[in-house]
Structure formats: C-alpha cells, structure tokens
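Contents: one structure, followed by commentary.
The values are calculated or read from the model by the stated rules, or taken from the named source; none is laboratory data. Bear in mind the structure is a predicted one, so any value in this text is a computation, not a measurement. Here the Cβ is made from the backbone with ideal geometry for all residues, glycine too, and neighbour counts use every protein chain on show. Only protein heavy atoms, including side chains, enter the accessible area calculation; ligands, DNA and RNA are left aside. Shrake-Rupley method; radii C 1.70, N 1.55, O 1.52, S 1.80 Å.
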Amino acid sequence: MTALEPRDAATARPPTEAQAGEGVLSRPYRALSVGIVSVVLLIAFEATAVGTAMPVAARELDGVALYAFAFSGYFTTSLFGMVLAGQWSDRDGPLGSLTAGIGAFAAGLILSGTAGGMWLFVLGRAVQGLGGGLVIVALYVVVGQAYPERLRPSIMAGFAAAWVVPSVVGPLAAGAVTEHLGWRWVFVGIPVLVVLPLALALPQIRRRTRGRTADPALVPPGRRRIRSALAVALGAGLLQYAAQDLRWLSLVPAAAGAALLVPAVLRLLPAGTYRAARGLPSVVLLRGVAAGSFVAAESFVPLMLVTQRGLSPTLAGFSLAAGGGTWALGSYVQSRPRVEPYRERLMFFGMVLVAAAIAAVPGVLVHAVPVWTVAVAWGFGCFGMGLVIASTSVLLLHLSAPEEAGANSASLQISDALSNIVLLAAGGAAFASLGGGTVTDTATSAAGSHPAAFAAVFLPMAGVALAGAWVTTRLRER
C-alpha cells in the first residue's frame with residue numbers, strides 16, 4: 001500500500017453514479033456545508049475584527065503593557081484545546097467537541113467584551129482560544145467522517161473562501177463599530193451570529209457522524225497526550241514572554257519554555273516529523289513550515305509599509321487584502337478532480353511561490369521600488385498558500401485511519417499554531433535586536449526602525465519557506 005492510498009475500505013469503494021454527481025452544495029450535503037462554512041466564516045471575521053479593536057480595548061482598560069498577552073493567551077490555550085479535541089473526537093465523535101468549543105468561544109468573547117480590567121480581558125481571550133482549538137479540530141473530523149473523499153478538497157476550498165470577505169470587511173466593520181458604538185460591541189456582538197450556523201450544522205453532524213466513531217479499544221489512551229498538551233501550551237507561553245523582553249534575565253523563561261516544549265511536541269506529532277519522514281510526518285511538518293513562515297512574514301508587512309514608506313495603517317492593511325481572493329483561488333484550483341494526480345507538484349509550486357513572495361517584499365525598502373509591488377507579490381504568495389494549506393488537510397485525512405483522524409488533525413493544527421508562535425517569536429527577536437523596536441509599537445519606537453531589521457525577518461522566513469518546497473518531495477512513500 002502506498003502512502004496516498006486510502007487506509008479503509010469505505011474510502012476505497014467507487015461512488016455510485018448518483019453519488020458521483022453530488023457536490024458539497026447538493027441536497028444531501030447543503031445544510032451541513034453551509035453550516036460548517038458559516039462557523040469558519042465567523043471565526044475568520046472574529047480573527048480580523050478583534051485585531052482592529054484590540055488597541056482601543058487595551059488603552060481603555062489601562063493594559064497596554066499586557067497587550068501581547070491578549071494574543072499569546074489565545075494561542076497557548078488553543079494548543080491545549082486542539083489536543084483535547086483530537087482525543088474527544090476519536091473516542092466520542094466530533095459533535096461534543098464542536099458544541100463545547102463554540103460555547104467556550106462565545107463565552108470568551110462575552111467575558112472579554114464585558115471585562116472591567118485587562119487581566120480579565122486576557123482571561124476571556126484564553127477561554128476563547130480554548131474554544132477555538134476545540135472547534136477547528138472537530139471541523140476537520142467532521143469533514144473526514146461526513147464527506148466522501150472526492151468531496152473533501154471542495155469543502156476545504158470552501159473553508160478558505162470563508163476567509164475572503166472577512167479579510168476585507170472585518171477590519172472596516174470593526175473599525176466603524178469601535179468608533180461609533182465602542183470596542184465592546186465587537187466582542188459581544190459576534191456570539192449572537194453563531195446561532196444560525198449551529199442550527200443548520202448540528203443536526204446534520206449528528207446524523208452523518210453517528211456510528212462513525214472508532215472502536216474505543218483502538219484509540220490510544222489520552223492522559224499522556226493531555227499532559228503533553230499542557231506542557232506545549234505553557235512552554236509556548238514562556239517562549240513568547242521571553243521574546244518580548246530581550247534581556248539576559250529573559251533567558252530563564254526561554255530555557256524553561258524550551259525544556260517543556262521540545263519533548264512534549266515530539267510526543268504529540270507523528271514519529272519522524274522533525275526529520276521529514278515520508279508520508280504523514282512530512283504532511284504535518286509541511287503545514288507548520290508553510291504557515292509559520294508566511295504568518296511571521298505577514299505580521300511585519302504593514303509595519304514596514306507604515307514606518308519605511310509612510311503609508312497610513314489603512315493603506316498598509318489593504319496591501320494584503322487581495323491575498324484573501326488569491327488564497328481562495330489557490331484552494332479552488334487544488335479542489336479540481338483533474339489536478340488530483342499532480343497534487344504534490346502543485347504543493348511544490350505553491351511553496352516556491354510563497355518563498356519568492358516573502359523574499360520580494362523587502363524590496364520596497366529601496367524607495368525606488370513602487371509600493372504596489374508588495375500587493376502583487378503577496379497575491380502570488382497567498383495563491384501558493386491556498387494550494388498548500390488546503391492540500392495538507394486533504395492529504396492528512398487521506399492518510400489517517402478512522403481511529404487516528406482526530407489525533408492526526410490535532411497534530412496538523414498544533415504544527416500550524418506552534419510554528420506561528422515560534423517563528424513569530426524568532427522574527428520578533430531578530431527585529432528588535434537590529435533596532436526594530438517593539439513589534440507592537442508601530443507609532444513610536446518602531447518608527448525609527450533600521451531597514452536591516454525588516455530584512456532580518458523576511459529573508460530567513462523566505463529560506464524556511466524554500467525548505468518547505470523540499471518537504472513536498474517527501475509526501476509520498478517510496
């Protein structure tokens with residue numbers, strides 16, 4: 001059996017003629033598809049909108065010094081939620097994890113939106129992160145259990161398309177709400193919108209995943225994974241804390257974070273991930289390499305355009321807006337049945353595009369280079385990410401036995417989130433060490449940043465992305 005052959009007989013059976021004509025929006029799947037894509041849409045809108053309201057919230061709560069913890073608190077608890085969701089979904093199905101995750105996500109938003117102090121606000125973000133981790137893994141298991149293999153690329157393309165409108169509208173809508181109604185409405189208004197997607201999706205999920213859970217005897221015990229997840233979350237939090245303050249004393253939390261993080265990650269990811277073993281380990285590794293390098297670079301693009309080329313924050317943000325459309329286009333391309341035999345080649349091409357885009361962006365540090373080249377380069381980079389990210393999700397479900405789908409989906413998301421944290425922390429440290437100032441202070445100390453500080457972020461991340469192109473050659477077993 002090759003690495004890309006189905007692992008269970010159900011996926012190996014050819015569809016009937018009637019089934020072959022069905023799509024993700026055909027009658028049997030319409031309510032489920034609209035429901036789960038709507039959940040992703042709301043998560044995407046929250047991710048883009050909350051970042052706009054966050055600076056105002058921190059200032060009004062007198063908590064600017066804790067600003068970074070509002071982000072790191074979300075990411076660290078989401079790592080724990082991902083592992084918990086994997087175990088929960090493998091044993092009992094994805095419905096419980098998805099319902100609890102959406103509940104926690106909404107509760108965290110309300111807690112942050114009604115907070116009277118910054119620490120309570122950070123606590124709300126942590127609760128929200130736990131819910132987000134539970135939801136995203138459960139959605140992957142739903143896709144694996146409720147859709148036949150031929151429809152999975154299409155629903156993954158739908159997930160990517162759900163980010164297009166929020167990436168453009170989210171910041172504008174959040175800015176208007178924050179200005180006219182107050183930042184709290186950005187947080188407390190989103191949970192109300194969750195009701196309709198839940199009403200559509202939950203009955204369909206219950207019907208289509210009933211009886212699809214694995215034999216509990218085949219699911220590995222979860223206590224060790226849960227302990228490892230706690231170690232990962234705590235270790236990632238310590239590394240983020242150390243990266244924010246470049247003093248010798250910061251080496252202590254950095255060392256403690258690494259000591260917790262490294263062995264726990266090795267236990268949570270498939271064996272051989274760190275050395276790009278062929279098959280599933282390389283799929284998981286590629287997800288982290290692609291997401292981490294891209295997000296770490298993207299985080300510094302608006303800052304570079306504001307501080308080095310004098311753009312307004314709005315124009316700097318819009319330089320990345322077209323990427324949402326090209327990302328969705330890349331996801332659509334990989335979903336076409338005729339490209340399935342060439343999936344690994346498409347992923348190689350996608351990573352080359354990502355590396356080239358990241359390497360091209362710092363060209364605008366030379367003032368003779370037009371600023372619009374950033375938008376063009378980032379559009380091509382996002383097209384490459386659309387090819388790669390959706391394809392890693394498809395390949396992971398293809399290579400996972402039923403009793404491993406939840407755990408493997410959790411590993412994919414852990415690789416994604418952890419790479420974001422580690423590479424962003426590394427990029428931030430390199431940026432600050434070369435006179436870049438603090439990453440979050442775009443109006444004061446960062447305004448005098450040396451161009452070399454930005455080059456020290458983008459060029460290494462381009463190298464990481466190029467290494468991802470090599471990893472794509474390891475996705476198929478010999």
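Computed quantities for the displayed model
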| read-out | value |
| --- | --- |
| Test for ALA401: is it touching a residue at least 40 places away in the same chain (Cβ under 8 Å) and either under 18 Å from MET82 (Cα atoms) or out of contact with any helix residue (DSSP H, G or I) (no Cβ under 6 Å at 6 or more places or on another chain) (or both) | yes |
| Residue match in segment 204-219 (condition: among the basic types (Lys, Arg), open to solvent by less than 90 Å² (accessible area, probe 1.4 Å), modelled with pLDDT of 75 or more and under 25 Å from the mean Cα position of the chain (by Cα)) | no |
| Residue within segment 164-187 that is open to solvent by 20 Å² or more (accessible area, probe 1.4 Å), closer than 17 Å to LEU61 by Cα, β-branched (Val, Ile, Thr) and modelled with pLDDT under 85 present | yes |
| Considering residues of segment 7-22 that are assigned to a loop (DSSP other than H, G, I, E, B) and out of contact with any Lys or Arg (no Cβ under 9 Å at 6 or more places or on another chain) only, the residue modelled with the highest pLDDT | GLU22 |
| Selected residue [among the aliphatic types (A, V, I, L, M) and under 17 Å from the mean Cα position of the chain (by Cα)] from VAL142, VAL122, VAL137, VAL127 | VAL137 |
| Yes/no for LEU286 being part of a helix (DSSP H, G or I) and either surrounded by fewer than 20 Cβ atoms within 10 Å (Cβ to Cβ) or of a type in the set (Asp, Glu) (or both) | no |
| Selection count where residues are open to solvent by less than 10 Å² (accessible area, probe 1.4 Å) and at pLDDT 85 or above, scope segment 418-442 | 0 |
| Flag for ALA277 being surrounded by fewer than 21 Cβ atoms within 10 Å (Cβ to Cβ), free of Cβ contacts under 8 Å to residues at least 60 places away in the same chain and either more than 17 Å from the chain's Cα centre (by Cα) or closer than 19 Å to SER393 by Cβ (or both) | no |
| Some residue of segment 81-93 being closer than 20 Å to GLU404 by Cα and outside any helix (DSSP H, G or I) | yes |
| Helices (runs of 4 or more DSSP H) wholly inside segment 129-196 that include at least 1 residues being closer than 21 Å to GLY113 by Cα and touching a residue at least 60 places away in the same chain (Cβ under 8 Å) | 164-180, 184-189 |
| Every residue from segment 78-116 that is open to solvent by 10 Å² or more (accessible area, probe 1.4 Å) and closer than 15 Å to PHE187 by Cβ | ALA104, PHE105, ALA106, ALA107, ILE110, LEU111, THR114, GLY116 |
| Residue satisfying all of: in segment 365-417; crowded, with 24+ Cβ neighbours inside 10 Å and β-branched (Val, Ile, Thr); nearest to VAL168 (Cα to Cα) among these | VAL374 |
| Looking only at segment 461-478, and only at residues there that are farther than 13 Å from ALA290 by Cα and at pLDDT 85 or above, the one that is surrounded by the fewest Cβ atoms within 10 Å (Cβ to Cβ) | THR473 |
| Residues of segment 141-150 classified as in contact with a Gly (Cβ under 8 Å, 6 or more places away or on another chain) and either open to solvent by 10 Å² or more (accessible area, probe 1.4 Å) or among the aromatic types (Phe, Trp, Tyr) (or both), total | 1 |
| Candidate set from segment 44-66 (those that are of a type in the set (D, E, K, R) and at pLDDT 80 or above); member that is least open to solvent (accessible area, probe 1.4 Å) | GLU60 |
